[in-house]
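The block underneath contains the structure these notes are about, expressed in structure tokens.
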Amino acid sequence: MTATCRSISPSKRGLFCILLNGLLLGGCASGSQQGEALHTLSAQTGVRLENYGEHPPQGVADTLRILQEKPLTAEAAVQLAVLNSPRFQSLLQELGIARADRRQGRLLPNPTLDLAIRREGSGEQDYEYALMEDLKGVLLYPLQRGLANAQYTQARAHLAGDLLAGIEEVKMHYFTLQGLLQTRSLMQSILQTTEAGATLAARQRQAGNINALEETMHQAALQETRLGVDQLEAEIQVTRHTLGQLLGLSGDDWQIAEGLPPLPGADPSLPEVEQTALSQRPDLEAARQAVQIAGQSLRLARFSILPSLRAGVNVKREEERRTLGPALELEIPLFDQGQATRPRARAQQARSRLQVRALEEETRAQVRAHFTRMSLARRTTQHYRDTLIPLRAQAVEEAQKHYNYMLLGVYQLLQVRHEEVAARKQYFSALADYWIARAQLERAVGGPLSPGEERPPVEEQEPPPPAPLHPHHH
């Protein structure tokens with residue numbers, strides 16, 4: 001409740017001091033909690049976060065320089081993106097907006113000052129001041145404060161979800177580029193094999209050992225392979241440009257680590273992943289906060305039937321006479337008695353609860369879908385690594401022996417080698433699919449996957465490079 005003042009004379013300065021103190025107390029807020037909020041978001045996303053606005057401080061600049069001094073791993077690429085990219089920094093500005101909104105919601109309503117000055121014909125002036133405070137706003141302040149806190153927590157959860165979406169995008173493009181770069185070396189090997197076959201076919205055609213149809217087929221295969229290599233190079237460039245933009249890098253003086261990381265020893269189980277998702281996923285946290293917000297709004301709506309009440313002090317001076325007394329302003333709830341406010345709040349609360357249930361089911365479905373894709377990519381990678389590639393390598397070895405004994409032609413030998421390299425290409429494609437699916441699963445879970453129980457890898461983590469061929473002419 002506030003007081004009301006009627007004069008600006010020295011005798012009224014005490015009332016103005018009361019008003020000034022009230023304004024200052026209402027404007028005070030607790031110290032900055034940005035560091036604590038960033039720490040919470042860092043724990044959710046698994047990366048260090050810094051909210052610096054447009055220009056990075058020296059510590060962040062040093063970190064960015066160190067990260068770019070050597071080829072980027074997936075973790076380093078994500079860290080570089082969140083510290084360097086304007087997109088991530090703009091997202092972190094939402095934290096300051098949410099904190100300001102919470103601070104605004106936790107302030108008491110301002111008192112109002114009414115001033116009237118009347119001048120009579122004789123030159124004398126009459127003053128009237130009234131300082132009023134909304135008692136209903138003061139009464140509902142604890143509920144309003146709780147609502148502001150819940151809205152801040154919800155906004156922070158939404159921010160965590162946006163950050164995880166950006167991190168997922170960085171990882172997907174990173175592993176895509178890594179897989180394409182590893183495929184490029186294999187495509188060059190396929191191109192060399194195809195060129196060798198086409199060159200040999202041209203020589204044999206000149207010698208009259210094969211007909212025009214056979215030579216044409218080898219030349220067509222060569223042109224198709226060259227076209228595939230050219231398309232792959234273009235895809236590498238596009239993916240690299242996109243990843244560079246996500247990292248906040250404009251130049252080309254950066255590199256990523258060579259070779260996709262091998263499969264981890266184990267993945268967490270599906271029940272473990274589902275439970276983690278239901279407990280930590282940011283959009284679920286935001287939806288649950290929406291239920292809390294709706295509950296706070298419903299409690300506030302129950303007081304909507306109460307009329308607005310403003311009370312204070314009125315001071316009036318006429319001629320040499322001054323009067324002081326209480327002042328009261330009461331809203332008459334003749335038309336608006338909160339008939340629509342309470343039903344609306346109840347409907348919002350019911351909707352929020354149903355949205356939580358729907359999002360929980362959606363979360364389970366997304367986790368299962370991404371987990372299935374990740375598990376399939378793991379099995380496919382292991383199958384190529386442990387079964388198909390060794391068989392193809394053995395086939396090349398046996399074909400080389402048959403060729404050396406003149407039991408197999410050079411074209412058959414080149415074809416066997418081509419199939420081995422194609423199997424390795426599929427292996428790297430499946431390995432890239434695994435890491436992309438894992439990044440998508442981390443987004444669906446709401447953070448980095450908890451490490452599963454480590455098991456020793458099966459034989460080799462990566463198949464050996466293909467052995468050289470010796471297709472000499474018999």
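Values quoted throughout were computed directly from the atomic coordinates according to the rules given, and no laboratory measurement underlies them. Quick caveat: nothing in here was measured; it's all calculated off a predicted structure. So basically every Cβ, Gly included, is an ideal-geometry build from the backbone, and we count neighbours across all protein chains shown.
Quick notes
- Across q = 0.24 Å⁻¹, the range 66-156 modelled as identical point scatterers on its alpha-carbon atoms has Debye log10 I(q)/I(0) values of -1.10, in the order of the q list.
- Sites Lys401 and Ser269 - FRET efficiency at Förster radius 51 Å, r taken between beta-carbons, to 0.05: 0.65
- If you plug the beta carbon distance of Asp253 and Gln93 into 1/(1 + (r/R0)^6) with R0 = 45 Å, you get a FRET efficiency near 0.95.
- Share of pairwise Cα separations in the chain, more than 42 Å, in percent: 47 percent
- 5 angstrom amide H check on Leu72, placed H, neighbours 5+ away: Gln255, Ile256, Ala257
- Rounded to the nearest 10 degrees, the angle from helix 212-247 to the longest Cα principal axis of the chain is 20 degrees.
- Nearest-20 debye value, the range 10-445 charge dipole, Cβ charges on Lys, Arg, Asp, Glu: 1220 debye
- Most positive-pole-ward Cα, Ala423, Phe335, Met374, against dipole of the chain from beta carbon charges: Phe335
- Distance between the range 271-317 and the range 36-114 - C-alpha centres, whole angstrom: 26 Å
- For Ser297, Ser42, the sequence from fewest to most other C-beta atoms within 10 Å is Ser42, Ser297.
- Among 240-253, 48-61, sorting by the average number of other beta carbon atoms lying within 10 angstrom of each residue, highest first, gives 240-253, 48-61.
- Angle between the chain longest axis and helix 389-404 axis [Cα atoms, degrees, rounded to 10]: 20 degrees
- Each of Ala444, Leu115, Ala198 was placed along the dipole of the chain (beta-carbon charges, centred on the mean Cα), and the one lying farthest toward the positive end is Leu115.
- Think of the chain as having a plus end and a minus end, set by charges on the Cβ of Lys, Arg, Asp and Glu; of Val78, Gln355, Thr225, Gln355 sits farthest toward the positive end of this dipole.
- Length added when fully stretched, Gln58-Ala207, from 0.36 nm per residue minus Cα-Cα: 46.5 nm
- The chain: angle of helix 74-84 to the longest principal axis, Cα-based, in degrees nearest 10: 40 degrees
- Close amide H partners of Ala327, meaning residues 5 or more places away or on another chain with modelled amide H under 5 Å apart, are Gly312, Val313, Asn314.
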